[in-house]
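The values are calculated or read from the model by the stated rules, or taken from the named source; none is laboratory data. For clarity, every value in this text was computed on a predicted model and none was experimentally measured. Neighbour counts are summed over all protein chains in view; Cβ atoms, including those assigned to glycine, are modelled from backbone coordinates with ideal geometry.
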Amino acid sequence: MNSIYTNHNNIKPTNDYIYEKSSNLSNKNNNQKNEIYNYNNATNLISNQILETKKTKINLENNSNLNSDNQFVKSEKISNINSNINLNKIYPSNTNSENNNPNKINSDNINSNNINSNEINSNNINSNEINSNNINSNEMNSDNINSNNINSDNINSNNINSNEINSDIINLNSTNNINKEINTFEETEEKNSSLILRSQTPPSINTTTLNIISSLIGLNNLGNTCFMNTCLQNLIHCKPLIKELLKIKNEVFTKKISSSFLNLCLNISKTQKSFSPNDFRNTFCYKHYQYANYGQHDTVELLRTLLDDISKELNTIKIIPKYYELKTENKSKEIQNNEYHNWYLTRENSIIISIFYAQIINTFTCECGYKSFSFEKILDIPLLLPNNKYSDNLNLINLLNNYLSGEKFKWDSKCEKCKEKNLYHQKSIQFAKLPKILVFSIQRYNYLSYGKSNKSVSFNDEIDLSNFIDKDLVKQKNTKYKLFGVSNHSGTLDFGHYYSYTKVNNKWYEFNDSSVYQRSISYNSSNVYALFYELID
């Protein structure tokens, strides 16, 4: 038994074949070409109707009248199964070309590589008889072809003649059996289709995120771009940021800077060698021309600029309302805190705000004891290094205490309680809302004296902010953060170099432009410039 699932990759298109082969079969009639084109037009019309039907594939078991080689007939399209079966295609196959006699061509002598009638459908081919009176190499009329009874991939005729074409009788009487076969086949096809769909499903967001944040690929220095590479490596390995960008990637890819950053992340996850961030740099510098001169720049300033760009591009607020000040009189700090947060989100609301921005409360205490409040969103916590040359043993917690303790100053306006002016007020700062990613920037540069402080600063792998929050405002229980990235700067203000330490799969790696090394880091360093902490779930 010949297989009905023959390879049709090498079979020529129908129109070319019919024109070429019919020319070889008979050169006696000068109108042959026009007749065949008329035939093709008819078959194309019926093909358009066939495309509207459901495509299925079945094996049809023929009765004993069929040759043993033809016991199974493949049908690609079934429009109706009643007492008569409508089969829409005929595919001659499994024939060998040994004879070029134009007057008599046996079906065994026709090679399937050369003959492929993709669609022979018209009005008058009887399943019991195909006669040369109806199909002739010189006369193929669409009115003489019946599409109601025959569609097959494999029809082996005993004798195919240019003047006489006779085929075996095809008897399709078992409609019930066919219906059962069709139902069985459709169930199998549905299962196979679902398997194919599952195999072609793209990687999940979690998988893609993991591939990105687990990458150990360096970034080539394009000319004094170590500040950019250091910033990018810490963001590339920032899990909350990458995960949220992938969730809204369809929107991200419509933006300029956001899409260039996400494309950089995706490209890094697929390569095995150091990568050149040319596309990202070109896109970023097109908007911020001050970075296009291949000069030295501050990595934290770049971080603020880049995240601000992404935030504005992905801002869900399309129409920003007119600016107005919130009224704070006779309102508790809890109400003021929520009102400020909601007010801010009516102007800018993005994944950058929800991930990186902390909300702080500034408390101003008058000499009379009255307290007033103001609120602020901040991206990073700037930590000043003391000018005292004897304060060498600095640590992150002490620097944070100095930042939050504030300062004492004279208040020009009247106190709302005592109505006095120019009284001293003590300013203090606390966290009112904690971010998912907490960034500390060490202020080593003194631009007034044009110098850099090289004092060592110690820091911990974990920090707890429970002592730095306003407990009336922050209700969350978890206030602990874990370190995942460090930006470092070595050298002076004029001649220096940036590099980063990043934790990947619980191991620390040094990302130094194109070079990546696994190493253990020192938690006391004179080069530490920025620290990236992630809130522990």
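Quick notes on this one:
- Residue in segment 338-349 that is touching a residue at least 12 places away in the same chain (Cβ under 8 Å), in the same structural domain as Leu307 (by TED's automatic domain parsing) and touching a Phe, Trp or Tyr at 6+ places or on another chain (Cβ under 6 Å) present: yes
- Number of residues in segment 278-289 that are touching a Phe, Trp or Tyr at 6+ places or on another chain (Cβ under 9 Å) and over 22 Å from Ile352 (Cα atoms): the value is 0.
- If you go through segment 426-455 and pick out every residue that is under 36 Å from the mean Cα position of the chain (by Cα) and part of a strand (DSSP E or B), you end up with 9.
- Residue in segment 338-345 that is hydroxyl-bearing (Ser, Thr, Tyr), in a strand (DSSP E or B) and touching a strand residue (DSSP E or B) at 6+ places or on another chain (Cβ under 9 Å) present: no
- Number of residues in segment 409-450 that are surrounded by 20 or more Cβ atoms within 10 Å (Cβ to Cβ) and farther than 24 Å from Leu396 by Cα: the value is 1.
- Once segment 211-231 is narrowed to residues that are among the β-branched types (Val, Ile, Thr) and part of a loop (DSSP other than H, G, I, E, B), the residue that is nearest to the chain's Cα centre (by Cα) is Ile217.
- Odd one out for Pro321, checked against (1) at pLDDT below 95; (2) under 30 Å from Ser204 (Cβ atoms); (3) not polar (S, T, N, Q): (2)
- Filter pass, Asn362 being at pLDDT 90 or above, of a type outside the set (Phe, Trp, Tyr) and in a strand (DSSP E or B): yes
- In segment 238-269, the residue that is farthest from Phe484 (Cα to Cα) out of those that are of a type in the set (Lys, Arg) and free of Cβ contacts under 8 Å to residues at least 40 places away in the same chain is Lys249.
- Segment 404-422 residues that are at positive phi, paired with ones that are of a type in the set (Ser, Thr, Tyr) (beta carbon under 6 Å, 6 or more apart): Gly406/Ser428
- Residues within segment 456-493 that are in contact with an Asp or Glu (Cβ under 8 Å, 6 or more places away or on another chain), of a type outside the set (A, V, I, L, M), assigned to a loop (DSSP other than H, G, I, E, B) and buried (at least 16 other Cβ atoms within 10 Å of the Cβ), tallied: 1
- From Tyr403, Tyr357, residue being within 28 Å of Cys231 (Cβ to Cβ), crowded, with 18+ Cβ neighbours inside 10 Å and touching a strand residue (DSSP E or B) at 6+ places or on another chain (Cβ under 8 Å): Tyr357
- Listing of helices (runs of 4 or more DSSP H) fully contained in segment 247-327 that carry 3 or more residues being among the aliphatic types (A, V, I, L, M) and more than 30 Å from Gln443 (Cβ to Cβ): 257-270
- In segment 253-277, the residue that is nearest to Asn512 (Cα to Cα) out of those that are surrounded by 13 or more Cβ atoms within 10 Å (Cβ to Cβ) and among the hydroxyl-bearing types (Ser, Thr, Tyr) is Ser274.
- Cβ-Cβ under 7 Å pairs, at least 6 apart or on other chains, segment 450-473 side under 21 Å from Phe484 (Cβ atoms), far side modelled with pLDDT of 95 or more and of a type in the set (D, E, K, R): Asp461/Lys482; Glu462/Lys480; Glu462/Lys482; Asp464/Lys480
- Condition broken by His489, with the remaining ones in (1) within 32 Å of the chain's Cα centre (by Cα); (2) within 21 Å of Leu399 (Cα to Cα); (3) in contact (Cβ under 8 Å) with a residue 60 or more places away in the chain satisfied: (1)
- Enumeration of residues in segment 514-533 that are surrounded by 20 or more Cβ atoms within 10 Å (Cβ to Cβ) and either over 18 Å from Asp380 (Cα atoms) or of a type in the set (Asp, Glu) (or both): Asn527
- Selection over segment 365-398 of residues that are assigned to a helix (DSSP H, G or I) and under 24 Å from Cys238 (Cα atoms) gives a count of 2.
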